[in-house]
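Readers should treat all values here as calculations from the given coordinates under stated rules, not as data from a laboratory. As the structure is a computational prediction, the values presented were derived from the model and not from experiment. Positions of Cβ are backbone-derived with ideal geometry, glycine not excepted, and every protein chain shown enters the neighbour counts.
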Amino acid sequence: IVKKVLNSLSFQMTSSQKKVWQEVSNDLRQSVPCNRLIQGDVGSGKTIIAGLAIAATVGSCKQSAVMAPTELLAKQLFFQLNDWLRPYGVKSLFFKGGQTNKTRDQNLLDLKLGNIDLIVGTQALIQEGVKFKDLGLSIIDEQHRFGIEQRALLREGCPHILGMSATPIPRSLA
């Protein structure tokens, strides 16, 4: 899936993006969990790195989750990732609070059964009842805007973690 996504991009990745992707790709192949923070300015290409990491994870028959601090940012991520990944069979879901009980219950069942490869949402992803069949990658966008306990909830049972931020975060880097 990664090669297909790379070949379908309407732009060429920069040398820095290629370098970061190579590092993340190597991390994902290790037997120890990946725990990486991708920091870069707005528009620097963090989302394509996330998309490639999701493609690699789904290609390994694992699920991915992306949590963003606002519904607007979560929607933007969902639409961009879905555009890149849907043509290659990746089943994505935008998940938010305020869904009808029937819709929420069906979405949670699909996630638990593994019918969903990628779920993108806000803090709704860490609410009680959200269960994955086999979560392989958690991505936390603007990770500094979540508390330690909130981030830990999305990390539970997940081997690989990518944090993304446009804001320098000395404490997280340390």
**Request:** List the residues whose amide H sits under 5 Å from the amide H of residue 133, counting only those 5 or more places along or on another chain, with H placed 1.01 Å from N in the peptide plane.
**Result:** 114
**Request:** Could you tell me which helices of the chain pass both thresholds, a Cα extent of 15 Å or more along their own axis and a mean Kyte-Doolittle hydropathy of at least -0.5, with helices taken as whole DSSP H runs?
**Result:** 46-59, 71-85
**Message:** Here is the link list: 3/46; 3/112; 46/131; 75/96; 62/112; 3/62. Which ones come out longer than 20 Å on Cα distance?
**Reply:** 3/112; 46/131
**Complete:** Given [x] 26; [y] 64; [z] 40 as possible values of percent of Cα pairs over 25 Å apart, the one from the coordinates is [x]
**Prompt:** Calculated from DSSP H runs of 4 or more alone, at -39500 (n - 2.57) each and per residue, what is the 222 nm mean residue ellipticity of the chain, nearest 500?
**Reply:** -13000 deg cm²/dmol
**Message:** If the only charges are +1 at each Lys and Arg Cβ and -1 at each Asp and Glu Cβ, what is the size of the charge dipole of region 27-138 around the Cα centre, to the nearest 20 debye?
**Reply:** 160 debye
**Estimated vicinal HN-Hα couplings, Hz - region 33-39 in sequence order (Karplus 6.51, -1.76, 1.60; Gly, Pro = x)** = x, 7, 9, 10, 10, 9, 10
